[in-house]
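J.: Handing you this structure, nothing more for now.
The values are calculated or read from the model by the stated rules, or taken from the named source; none is laboratory data. Small disclaimer: the values here were computed from a predicted structure and weren't measured. We place every Cβ from the backbone using ideal geometry, glycine too, and count neighbours over all the protein chains shown. Heavy atoms of the whole protein, side chains included, go into the accessibility calculation; ligands, DNA and RNA do not. Shrake-Rupley method; radii C 1.70, N 1.55, O 1.52, S 1.80 Å.
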Protein chains: 2
Amino acid sequence: MQLTLFTDYALRMLMFLGLAGDRLVPIAEIADKFDVSTHYMLKVAQELARLGYIDAIRGRNGGVRLAVTPERIGLGELVRKTEPQASVLDCVDDDQADCAIVGACKLRKVFRDAQRAFHAVLDEYTVADVLAPRRELRQLLQITPSG
Amino acid sequence: MQLTLFTDYALRMLMFLGLAGDRLVPIAEIADKFDVSTHYMLKVAQELARLGYIDAIRGRNGGVRLAVTPERIGLGELVRKTEPQASVLDCVDDDQADCAIVGACKLRKVFRDAQRAFHAVLDEYTVADVLAPRRELRQLLQITPSG
């Protein structure tokens, strides 16, 4: 059971921007600091902008920055939005799932409860909660804060 | 976040065998009743036999049956064994994960706690707990119990 690379990158980008303050950060800089694909980070940025979490400004002096404060980005909500498969098994939230016993199977409720327990923990936190220790994180990412 | 098809098939096979009683069930029968790949169900059976959950008898009159009672197959334990990626993010259980901030990141603990909450729910149940309503499940799978 794994979260997607998409969610992984989204979390890193939002943490980076939460540490960077108000300045516009080139996506290539974030990808470079985490040593990951710029191309894929660009795709993640497009989606995070679409979801309203970041502003993405095009052009030579463009870049990305948080569109909302880190306190307003709940981890549970974020993960529910970035994961294409919200359910750990297809049947969990789909009464029409392709399984002979879907109408009678108690396993579905067990996994639904487990999934909810997972999300309930994430719902206790926002991006702001994971921006500490701020100084150390900034040093590791060589971030000069502004704004 | 999704469980693998492997785990999905493993759960179905163990439920089927729990409903089938002591008789040896051809793997093709289980695959057929769930309308899934016999080839892949065979791979799942091999692994479940290796893990000690089922007996797999080769040959013309062969098949599979539970090697332990359904009460002894904990869902949490099973899922931890069948999922190749136990951690929702690589960094969660790996201090050496390939991320610039792995040493200072609080996100890891949040996801570790969420993952534990997920498993804790599964740990409350065994295969025996999801074999009800037994009669309806047997009807849906056209199982004639024996043993």
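J.: In degrees from 0 to 90, rounded to the nearest 10, what is the angle of the helix A:38-50 Cα long axis to the longest principal axis of chain A?
T.: Approximately 70 degrees, to the nearest 10.
J.: Which percent of the accessible area of segment B:5-141 is formed by carbon and sulfur heavy atoms (probe 1.4 angstrom)?
T.: 46 percent
J.: Springs between alpha-carbon atoms under 10 Å, Gaussian network over chain A: tell me which of A:136, A:83, A:29 tops the mean-square fluctuations.
T.: Looking only at A:136, A:83, A:29, the largest GNM fluctuation is found for A:136.
J.: Taking the Cα atoms only, what angle lies between the long axis of helix B:5-20 and the longest principal axis of chain B, rounded to 10 degrees?
T.: That helix lies at roughly 40 degrees to the long axis.
J.: Relative contact order for segment B:1-71: what percent, with Cα pairs under 8 Å and sequence separation of 6 or more?
T.: Rounded, it is 35 percent for segment B:1-71.
J.: Right, here's the next one. Could you tell me the relative contact order of segment A:5-141? Use alpha-carbon pairs under 8 Å, at least six residues apart, and round to a whole percent.
T.: Across segment A:5-141, relative contact order equals 29 percent.
J.: May I ask for the accessible area buried between chains B and A, both sides summed, probe 1.4 Å, to the nearest 100 Å²?
T.: Using a 1.4 Å probe on protein heavy atoms, the buried area is about 4100 Å².
J.: Which residue fluctuates the most in chain B, going by a Gaussian network model with Cα springs under 10 Å, if the choices are B:77, B:47, B:124?
T.: Evaluated over chain B, the most mobile residue of the options is B:124.
J.: Do the alpha carbons of any pairs in A:33/B:106; A:109/B:106; A:43/B:109; A:81/A:106; A:81/A:109 sit beyond 25 Å of each other, and which pairs?
T.: Those over the limit are A:109/B:106; A:43/B:109; A:81/A:106.
J.: Under Stokes-Einstein, with the Kirkwood radius over Cα pairs standing in for Rh, what whole-number D in µm²/s applies to segment B:1-71 at 37 °C and 0.692 mPa s?
T.: For these conditions, the coefficient is 274 µm²/s.
J.: Write down the accessible area per residue of the protein assembly as shown in Å², having rolled a 1.4 Å probe over the full set of protein chains.
T.: Per residue, the protein assembly as shown has an accessible area of 49 Å².
J.: Under a 10 Å cutoff between Cα atoms, tell me which one of A:64, A:130, A:110 has the largest fluctuation in the Gaussian network model of chain A.
T.: Largest GNM mean-square fluctuation: A:110.
J.: Here's a follow-up. Quick one: Cα centre-to-centre distance for segment A:83-97 and segment B:124-144, in angstrom?
T.: 21 Å
J.: More than 24 Å apart: what percent of Cα pairs in the protein assembly as shown qualify?
T.: When every Cα pair of the protein assembly as shown is considered, 56 percent fall beyond 24 Å.
J.: Along the positive direction of the dipole of segment A:23-104 (beta-carbon charges: Lys, Arg +1; Asp, Glu -1; about the Cα centre), which of A:56, A:44, A:96 reaches farthest?
T.: Value: A:56.
J.: Give the separation of the Cα centroids, segment A:46-61 to segment B:5-20, in Å.
T.: 45 Å
J.: In addition: What is the mean number of Cβ atoms from other protein chains located within 10 Å of the Cβ atom of each residue in peptide B:77-83, rounded to a whole number?
T.: 1
J.: Kirkwood Rh, Cα Rg: Rg to Rh for chain B?
T.: Answer for chain B: 1.07.
J.: In degrees from 0 to 90, rounded to the nearest 10, what is the angle of the helix B:107-122 Cα long axis to the longest principal axis of chain B?
T.: On a 0 to 90 degree scale, this one is about 20.
J.: Quick one: label points 7 angstrom along Cα→Cβ at residue B:5, distances to the other copies in nm, smallest first?
T.: 2.0
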